[in-house]
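Asker: Encoded as structure tokens, here's the structure I'll be asking about.
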Amino acid sequence: MRKEIRAEKLHPPIGHYTDAVAHGNLLFLSGCGPTDNDLAVVGGDDVVEQMRQVLANMRTVLEAAGATPQDVVSITTFLTDMDDRGKIAPVAAEFFGTARPASATVSVTALAVPGAKVEIKAVASIPSNT
């Protein structure tokens, strides 16, 4: 059964989508960017600080669906500069802890929010006790 998830603590989506869609025990997260509730980029030009905000936003969506970072099974990271991979990897490792999701990284020329350098979409497995 399909269920749309809206994380009320985050800004409303900027397009015709929702924060995540649960289908069965899978949760599909829309791209999470480095924005605050006013859609301002957090961290300025610092990709590490932007990554911290991306992951904070991901955590908010996961929690709204009853999941945690350890439930994430796959991520796709979009970067405007592929040289930033090494800078954000330790931040991701801290966020996911001992869980290691499958991963792909894609280089893009721009993201939806001007000034954003990183965005992540993800798939998680929702624990059966929720």
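Asker: Counting helices only, and only those DSSP H runs with n ≥ 4, report the 222 nm mean residue ellipticity of the chain as the sum of -39,500 (n - 2.57) divided by its residues, in deg cm²/dmol to the nearest 500. Intermediate results must be reported in sequence, preceding the final value.
Answerer: Details: 2 runs with 30 residues, N = 130.
So the helix-based figure for the chain works out to -7500 deg cm²/dmol.
Asker: So, one more: Could you please report the charge total around Q50, scoring K, R as +1 and D, E as -1 over all other residues with beta-carbon less than 11 angstrom from its beta-carbon? Write down the numbers at each step before the final one.
Answerer: Working: positive: R52, K87, K117; negative: D45, D46, E49, D84, E119.
Combined, the nearby Lys, Arg, Asp and Glu give -2.
Asker: Which three semi-axes in whole Å describe the equivalent ellipsoid of the chain, each the square root of 5 times a Cα gyration tensor eigenvalue, listed largest first?
Answerer: On the way: eigenvalues 103, 58, 30 Å².
Semi-axis lengths for the chain are 23, 17, 12 Å.
Asker: For K117, give me every one of the aspartates and glutamates with a C-alpha distance below 18 angstrom, ignoring sequence neighbours fewer than eight places off in its own chain.
Answerer: Reachable aspartates and glutamates: D36, D38, D45, D46, E49, D81, D83, D84.
Asker: Where Rh denotes the Kirkwood radius from the mean inverse Cα pair distance, what is Rg over Rh for region 34-81?
Answerer: Value, to two decimals: 1.00.
Here, each number is a calculation from the coordinates, and none is a lab measurement. The structure displayed is predicted, hence computed values, not measured ones. Heads up, the Cβs are rebuilt from the backbone with ideal geometry, glycines too, and the neighbour counts pull from every protein chain shown.
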